[in-house]
1. What number of residues in the range 2-17 are at pLDDT below 95 and either more than 21 Å from the chain's Cα centre (by Cα) or within 16 Å of the ligand (Cβ to nearest atom) (or both)?
2. Within the range 213-227, can one find any residue that is within 21 Å of Glu30 (Cα to Cα), open to solvent by less than 60 Å² (accessible area, probe 1.4 Å) and modelled with pLDDT of 95 or more?
3. Run down Leu82, Leu100, Leu70 and say which single residue is within 16 Å of Arg19 (Cβ to Cβ) and not small (Gly, Ala, Ser).
4. Residue check: is Glu161 within 18 Å of Arg193 (Cα to Cα) and surrounded by fewer than 16 Cβ atoms within 10 Å (Cβ to Cβ)?
5. Quick one: what pairs do we get from the range 121-140, first residue open to solvent by 50 Å² or more (accessible area, probe 1.4 Å), second more than 14 Å from the ligand (Cβ to nearest atom), C-beta under 7 Å, 6+ apart or different chains?
6. For Gln81, are the conditions met, namely being modelled with pLDDT of 95 or more, open to solvent by 10 Å² or more (accessible area, probe 1.4 Å) and either under 29 Å from Asp153 (Cα atoms) or of a type in the set (A, V, I, L, M) (or both)?
7. In the range 256-276, what residues are assigned to a strand (DSSP E or B) and surrounded by fewer than 20 Cβ atoms within 10 Å (Cβ to Cβ)?
8. Every residue in the range 22-48 that is near the ligand (Cβ under 10 Å from one of its atoms) and either open to solvent by 30 Å² or more (accessible area, probe 1.4 Å) or of a type in the set (Gly, Ala, Ser) (or both), please.
Amino acid sequence: MEDRYGHRISYLRVSITDRCNERCRYCLPEEQQEWLTRDDVLTYEELLRVIRVGAGMGISKVRITGGEPLTRRNVLWFFEQLGQIEGINDIGISTNGTLLARPAQNAETRTTAEQLRQFGVRTVNVSLDSLDREVYSQTTGRNYLDQAIAGIDAARAAGFESIKVNSVLMRGQNEHELWDLIEFAQGRDLLLRFIELMPVSTTEMLTEENFLPIGEAKKLIEFKYGALEPIPEFRTNGPASYFRIAETGQKIGFIGAMTNLHFCETCNKLRLTCEGKLRPCLGSHLEFDMREVLRNPEMTDDDVAKFFLSVVDRKPEQHEFRENYQPGRRMIAIGG
Ligand code: SAM
């Protein structure tokens, strides 16, 4: 599938739940804490059907996200089925990590992380904004730092091909911890990425007081580690730009939706919200109701395939985040 601007679409990011066991200030503000009903959310069978049809249309990579995907019941069954879809050769999960070390249901594997690995999950992205217990609790609304770190360690033990740690930059919150996060990632051989706050879910956090641009974060890092060397040849199937710390060789990624003007150029993604809206872009209000198609008994897989094509055709050239974008939907439903 290719859109009007030459973006080749091969990546589907799928939110499987709007529920989360954390309450990040920038993602799930209190006034937005009301949940979809079970009937609103796509069933596992519906999700698998969309992914199966997508695989026939050139989708080869799927990342499962949420909410917190590991809070959904029987989620490991879903991953097992997902691992068997022909054409999907790259499965990832985005998680806050807090449930990765949970004992698995299967006697052969010890942890949820191991079981995910066994079902063919290749990469894990763990969100970790802070290593300071206070800041972690303030940011996520929960005191789960130890569980998140145990989850990262469980993922390392499970042998994923890549484990990334994503830290959202917040001035005055984790600004003083960038070096600690770098050392933490280096010690555990994790690929660390710093992410700019975006106007998804809420714009309340997106004030000058809170917003820390990647350019400034880079300077803070260079203050200790010396000039960061750009490594444009290193890419990870997303909008991150990577740099190397000369002394140690450690790679650090920066995801700057707000300040990187080339952010959308290599976009290869569609997003499926947990209630079945197909979104061609995270930073646009465009979304199309696939659930209606899936729940209409007269609609065949061909109709689902046509739906994919029509949405790809509407994919905008760029997101609208820099144009005073006001979010219309919660990040947990869209899936980060
Ligand atoms: N619960 C999972 C997790 O923690 O990764 C998956 C869902 S979460 C919505 C996915 C990612 O979106 C997280 O890394 C989170 O930090 C990021 N995110 C949520 N709201 C954001 C915002 N307003 N700006 C930047 N990143 C955001």
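1. 5
2. As a first pass, look at the range 213-227 and keep what is within 21 Å of Glu30 (Cα to Cα): none.
Within the range 213-227, none of the residues are within 21 Å of Glu30 (Cα to Cα), open to solvent by less than 60 Å² (accessible area, probe 1.4 Å) and modelled with pLDDT of 95 or more.
3. On the way: Leu82 fails: within 16 Å of Arg19 (Cβ to Cβ); Leu100 fails: within 16 Å of Arg19 (Cβ to Cβ).
Within the list Leu82, Leu100, Leu70, the selection yields Leu70.
4. On the way: within 18 Å of Arg193 (Cα to Cα): yes; surrounded by fewer than 16 Cβ atoms within 10 Å (Cβ to Cβ): yes.
For Glu161, the condition - within 18 Å of Arg193 (Cα to Cα) and surrounded by fewer than 16 Cβ atoms within 10 Å (Cβ to Cβ) - is met.
5. Arg122/Asp90; Arg122/Ile91; Arg122/Phe160; Arg122/Glu161; Asp132/Glu177
6. Values: modelled with pLDDT of 95 or more: yes; open to solvent by 10 Å² or more (accessible area, probe 1.4 Å): yes; either under 29 Å from Asp153 (Cα atoms) or of a type in the set (A, V, I, L, M) (or both): yes.
Judged against the criteria, Gln81 is a match.
7. Quick first cut of the range 256-276, residues assigned to a strand (DSSP E or B) only: 269-272.
Passing the criteria: none in range.
8. The answer is Arg25, Tyr26.
The values are calculated or read from the model by the stated rules, or taken from the named source; none is laboratory data. Keep in mind it's a predicted model, so treat the numbers as computed, not measured. Backbone-built Cβ (ideal geometry, glycine too); neighbour counts: all protein chains shown. Accessible surface is based on the protein model in full, side chains and every heavy atom, while ligands, DNA and RNA are left aside. Shrake-Rupley method; radii C 1.70, N 1.55, O 1.52, S 1.80 Å.
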